[in-house]
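Structure record follows, encoded as structure tokens.
What follows draws every value from the coordinates through simple rules; no lab data is involved. Keep in mind that this is a model prediction, so the values were computed, not measured. Quick reminder, even Gly has a Cβ in these numbers, built from the backbone with ideal geometry, and neighbours come from all protein chains shown.
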């Protein structure tokens, strides 16, 4: 297949775009706030509600969706003298969203933080150094921004009919 500069973007559809499909699952404020809390070790409904400020019905719907999508799993627990309830734990699929949350946080730290600075700092547990994201190609080269990227149709591209 020719490079993107030879094949115009108008030659194929984006009806199966991975960004659009991802946003259909996680692209809502409460979903990201729930994930923020779960990544920080909060697992129980009442604690998630307190940490996010989400209305009960909204939180319940978001948790159900994250479970249905395979990003969280329910694990039963029972406090003495109480009925059985569920905790919410990340699956591998859910843990794979962590770089997205960190990228959102870093963008917010740069453009939306209070004048005093960001409210949270993410550091490496082993050495204490700040964590940051880097974009690299498979050959190990730094990719500092979109001007160093070429987008090509992938194996799942849906091409428009010609002629």
*Normalised by the number of residues in the chain, what is the relative contact order in percent for Cα pairs under 8 Å and 6+ residues apart?*
26
*To the nearest 500 deg cm²/dmol, what mean residue ellipticity at 222 nm is calculated for the chain from DSSP H runs of n ≥ 4 alone, each contributing -39,500 (n - 2.57), summed and divided by the residues?*
-10500 deg cm²/dmol
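Region 79-163: Rg/Rh from Cα coordinates, Kirkwood Rh?
My calculation of the ratio gives 1.15.
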*Mind ordering 100-112, 77-89, 120-132 by average Cβ neighbours within 10 Å, highest first?*
100-112, 77-89, 120-132
_Tilt relative to the chain, helix 56-68 - C-alpha long axis, 0 to 90 degrees, to 10_ = 60
_Nearest 10 degrees, 0 to 90: helix 98-111 Cα axis against the chain principal axis_ = 80
*Helix 29-39 vs. the chain, principal-axis angle (Cα, 0 to 90°, nearest 10)*: 70
*What number in nm² do you get for the chain if you take the convex hull of its Cα atoms and divide its surface by four?*
14.8
*C-alpha center-to-center spacing [region 15-72, region 120-145] in angstrom*: 25
